[in-house]
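Novice: Quick one: structure below, then a few questions.
The values are calculated or read from the model by the stated rules, or taken from the named source; none is laboratory data. Everything numeric in this text was worked out from a predicted model, so none of it was measured. Note: ideal-geometry Cβ built from the backbone for every residue, glycine included; neighbour counts use all protein chains shown.
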Amino acid sequence: MNHTSIKLLAVLFITACLFSSCEDDPKLPDNQLQFESTVAGISSEDESLPLNITLSRAASSDVVVTLSVNGGNLVYGTDFTTTPAATGNMITITIPEGETTAQVTLNKVAGVGFSGDESVVFEVVSVDGSPVVGENSKITVTFSEITVTSAAMNIRGGGPTFPNRVFIDLSANRQTAVSRTDWDFGFYTEAGQFKVILNDALSMLAKPLDKTDLTAVTSADTVGMGATLTTDAFSVDNIWYIDAPSGDLNNLAIDDISATASENKVYIVNRGKDAAGNQRSWKKVRVMRNGDNYTIQYADIAATTFQTIDVTRNNAYVFNYVSVDSNATVQPEPQKGKWDIAYTAFMNQTNLGEGFIPYMFNDFIIQNREGVETVQLLVSTAGEYADFDASDLAGITFSATQTTIGSTWRNGGGPSTPPSLRTDRFYLVKDVDGNIYKLKFTALTTDGERGRPAIEYALVSAGS
């Protein structure tokens, strides 16, 4: 072949690339918009039910979605309403640029009785923007609790900084994503017990002082702590300043709150880092009983005054929470029977050779410590996920330890090796109603982005 022929072929190749698909980066798949499921239930105890409409990746510009709402024999405004409100039978919502989710909420009208066989249907009518409508374009909400038999779910962890803790209710095929910086301290609601936990989605530590007066604590009491009361130091001593990752409430950084006020010490609390990696302000903290409830005192280390928050025990939840940033009680967690597992960043522990140290893990799964049990099954011994059924349950022992699943579903990776999905295992999850689900992870990422894994699950045995 002569030089003229080679040049001609080169020109033809370049021209073909310009007018065809020769690109450095592969084209991304369609950005799909859909409901998280096709069915949902609103129980007799619930007054409202939020429904999420999601994109498979963040919107490149605002996405305006129009939904139709059809209540059948139910009358809008008389039997139910929505947030946002409907005009005619249409609702308009917007997924802002950079976001992946918008929400419409179905509200019961107070005083209306429901037999349980009523339903409301929401359907995507139009989308103003580039996304395409996915398979779950319609969702039917029944006015009774449902038990989902099988489902798949893309978990809304929020992306590579893992900003969200996502609570998952398998039987309802429902996920609730909340910012993991929404709270600082949790107060146990079990009657007669006075226990306080740290936010385990942050690298929080709490160290007791030999003082019980918050105003008597000064910066002098924290000299040297900047280098030691931190997860950056990889110190085995710091294992005593975190809550037991197992969920053991008898092994917490903050001692049980005594009925004798003078026995409750001041703690220096390193509040860890936010999702962007910024250090959150340290606090001095003291908790006391307030009858059957709690009072927390807190301030900046050098402050001569302090703020207080009274926490009223609400047993519908495992913990009641406080945010010192908002100086208020908050409730970021669903009610105790309405979630099974949660996807989160998590303060776990690891051994680097000299003993256990506190260590933040991403892509971590915890389970509801109130009545939920799990177990890991290896394909090599339990058989394939698809083949596992109720006849295979005999002899299986479940665990109530909240870190049973943990990070075992993925390979850990390292500085030069990214994490990867493990396909040689799956899990069983027994919920508070005795339903047993088999569950496997089907993706570590969405469109290559961490913090957005996927699962599928199916009912193996229904509870009684």
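Novice: Residue by residue through the range 92-113, note down the ones that are within 23 Å of the chain's Cα centre (by Cα) and outside any strand (DSSP E or B).
Specialist: 96, 97, 98, 99, 100
Novice: Pick from 324, 318: which is of a type in the set (A, V, I, L, M, F, W, C), at pLDDT 95 or above and either exposed (fewer than 14 other Cβ atoms within 10 Å of the Cβ) or within 12 Å of residue 184 (Cβ to Cβ) (or both)?
Specialist: 324
Novice: Would you please name the residue that is farthest from the chain's Cα centre (by Cα), looking only at residues in the range 182-203 that are of a type in the set (Asp, Glu) and buried (at least 22 other Cβ atoms within 10 Å of the Cβ)? Steps first, answer last, please.
Specialist: Our first condition is that a residue be of a type in the set (Asp, Glu); within the range 182-203, this holds for 182, 184, 190, 200.
Then drop every residue that is not buried (at least 22 other Cβ atoms within 10 Å of the Cβ), which leaves 184, 200.
Details: 184: 16, 200: 12 Å.
Here the residue is 184.
Novice: Output the strands (runs of 3 or more DSSP E) that fall wholly within the range 303-421 and possess 3 or more residues being within 22 Å of the chain's Cα centre (by Cα), or say none.
Specialist: In the range 303-421, 319-323, 328-330, 341-351, 356-367, 373-378 are the strands (runs of 3 or more DSSP E) which contain 3 or more residues that are within 22 Å of the chain's Cα centre (by Cα).
Novice: Further question: If you check residue 123 against the conditions, is it outside any strand (DSSP E or B) and not basic (Lys, Arg)?
Specialist: When the stated conditions are applied, residue 123 does not pass them.
Novice: So which residues in the range 274-296 are buried (at least 19 other Cβ atoms within 10 Å of the Cβ) and in a strand (DSSP E or B)?
Specialist: 283, 284, 285, 286, 287, 288, 294, 296
Novice: In addition: Which ones in the range 79-92 are crowded, with 16+ Cβ neighbours inside 10 Å and among the aliphatic types (A, V, I, L, M)?
Specialist: 86, 91 - these are the residues of the range 79-92 that are crowded, with 16+ Cβ neighbours inside 10 Å and among the aliphatic types (A, V, I, L, M).
Novice: Can you tell me which residue within the range 204-233, out of those that are within 26 Å of the chain's Cα centre (by Cα) and either outside the structural domain of residue 301 (by TED's automatic domain parsing) or at pLDDT below 95 (or both), is surrounded by the fewest Cβ atoms within 10 Å (Cβ to Cβ)?
Specialist: Among residues in the range 204-233 that are within 26 Å of the chain's Cα centre (by Cα) and either outside the structural domain of residue 301 (by TED's automatic domain parsing) or at pLDDT below 95 (or both), the one surrounded by the fewest Cβ atoms within 10 Å (Cβ to Cβ) is 232.
Novice: Report yes if residue 136 is crowded, with 17+ Cβ neighbours inside 10 Å and outside the structural domain of residue 101 (by TED's automatic domain parsing), otherwise no.
Specialist: Taking the combined requirement at face value, the residue does not satisfy it.
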